[in-house]
Amino acid sequence: MNSHVQRIVIAIITLLSLVCVQTSHITLAFQETPPEEIVLPEGTALNVVTAQAITSKTANLNDVVNFKVDEDVVINGQVVIRKGTTAVGSVMHATKGGYMGKSGKLGLQVESTQTVENGRVKLRAAKGREGDDETNKAAVLSMISPLGLFKRGGEAKVEEGTRVTVYVAEEKRFRVEDGKLVFVAPAPVDPAVAAAAATDAVVYIYRPGKMMGKALEPSVFVDDIELARMDNGRYFTIKLKPGKHIVHMTSEKKGFAIDMGPGQTYYFRVGIEMGMWKGHGKLTLEDAEKAMPEIKKLKFLGQDKIKNSTLVVQLTPDQPE
């Protein structure tokens with residue numbers, strides 16, 4: 001082989017080698033590219049329907065209530081939550097009707113459902129971020145419509161199939177592997193950041209000054225812990241870890257079981273309900289728009305009325321929480 005032909009052969013071999021190397025790099029780069037993530041954003045709306053009829057006559061505080069997802073939740077063409085999936089909730093508030101012509105009251109909350117890979121997803125009543133008053137306002141409204149139906153002297157009833165819109169309370173990430181949805185665990189979070197995100201829920205409990213039942217001082221409890229004797233024309237505040245808590249008067253049947261989110265603020269108005277022999281305390285869940293102007297007219301509860309100084313903290317309506 002002459003030198004000219006030899007040089008041509010060497011050039012061809014070199015070119016082929018370079019092509020093979022580049023192809024190898026391209027293939028390797030392709031293989032190392034992770035699958036595209038599918039994100040279920042916080043605040044995503046989904047519709048659920050009640051899976052059974054519920055009435056204030058038989059409902060008890062914190063009873064489990066089942067719902068069903070009413071339509072597929074689809075992200076980037078992938079079904080993340082399937083229609084017909086069970087959603088779990090509970091009775092937030094229930095009082096029987098009929099006594100002295102009073103209407104029954106019923107409030108429900110939807111708490112969670114599952115994705116197609118059987119992962120739990122927390123739900124809440126409002127689209128707003130944790131801490132927004134919209135969440136509390138939505139809880140108040142759920143006592144009236146569509147989940148609470150009132151009839152004077154009768155029981156409140158929620159029919160099977162009642163449709164409700166709720167919202168995803170936490171972001172979830174997935175990828176598709178072999179045609180199946182796979183949960184992607186979040187990156188580790190700095191403990192300081194996690195602690196800041198899990199801020200306490202704040203609860204205002206207040207009693208406007210009224211002549212009726214002025215001398216009565218009904219006790220207010222949270223999770224069976226007595227907080228204070230509620231004096232006329234006063235208010236107090238507590239901080240609670242995120243999660244479900246029962247705020248109630250002497251009887252748990254006169255209260256609210258609420259799954260409280262981090263940074264959320266709740267307002268409970270104490271009133272006196274006159275009975276056959278004596279008056280009793282009752283709680284009403286209010287939104288900030290109504291509660292704050294009333295609280296600003298009141299003084300903080302006296303120390304002699306406070307029964308648990310660990311949970312009760314002194315905050316003013318204008319003070320950062």
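How about the range 215-239: which of its residues are surrounded by fewer than 18 Cβ atoms within 10 Å (Cβ to Cβ) and more than 12 Å from VAL270 (Cα to Cα)?
ALA215, ASP223, ASP224, ILE225, GLU226, LYS239
Condition first: closer than 24 Å to PHE256 by Cα, hydrophobic (A, V, I, L, M, F, W, C) and touching a residue at least 40 places away in the same chain (Cβ under 8 Å). Now tell me which residues in the range 56-85 satisfy that.
Hits for the range 56-85 are ALA59, LEU61, VAL65, PHE67.
List the residue pairs whose Cβ atoms are under 8 Å apart, where the first residue sits in the range 41-55 and is touching a residue at least 40 places away in the same chain (Cβ under 8 Å) and more than 25 Å from LYS172 (Cα to Cα), the second is surrounded by 15 or more Cβ atoms within 10 Å (Cβ to Cβ) and among the aromatic types (Phe, Trp, Tyr), and the two are 6 or more positions apart or on different chains.
As it stands, the answer is ALA51/PHE67, since those pairs meet every condition given.
Being more than 30 Å from THR250 (Cβ to Cβ) and among the small types (Gly, Ala, Ser) is the filter here, so list the residues in the range 54-90 that pass it.
GLY77, GLY84, ALA87
I'd like the full set of residues that are modelled with pLDDT under 90, outside any strand (DSSP E or B) and of a type outside the set (Gly, Ala, Ser), limited to the range 81-110.
Across the range 81-110, the qualifying residues are LYS96, TYR99, MET100, LYS102.
Check whether at least one residue in the range 62-71 is closer than 23 Å to VAL116 by Cα and polar (S, T, N, Q), and report yes or no.
Yes, some residue in the range 62-71 is closer than 23 Å to VAL116 by Cα and polar (S, T, N, Q).
Does VAL88 meet the test of being touching a residue at least 12 places away in the same chain (Cβ under 8 Å) and within 15 Å of the chain's Cα centre (by Cα)?
Yes; evaluated as a whole, the condition is true for this residue.
The values are calculated or read from the model by the stated rules, or taken from the named source; none is laboratory data. Because the structure is predicted, anything quoted here is derived from the model rather than measured. Virtual Cβ from ideal backbone geometry, glycine too; neighbours counted across all protein chains shown.
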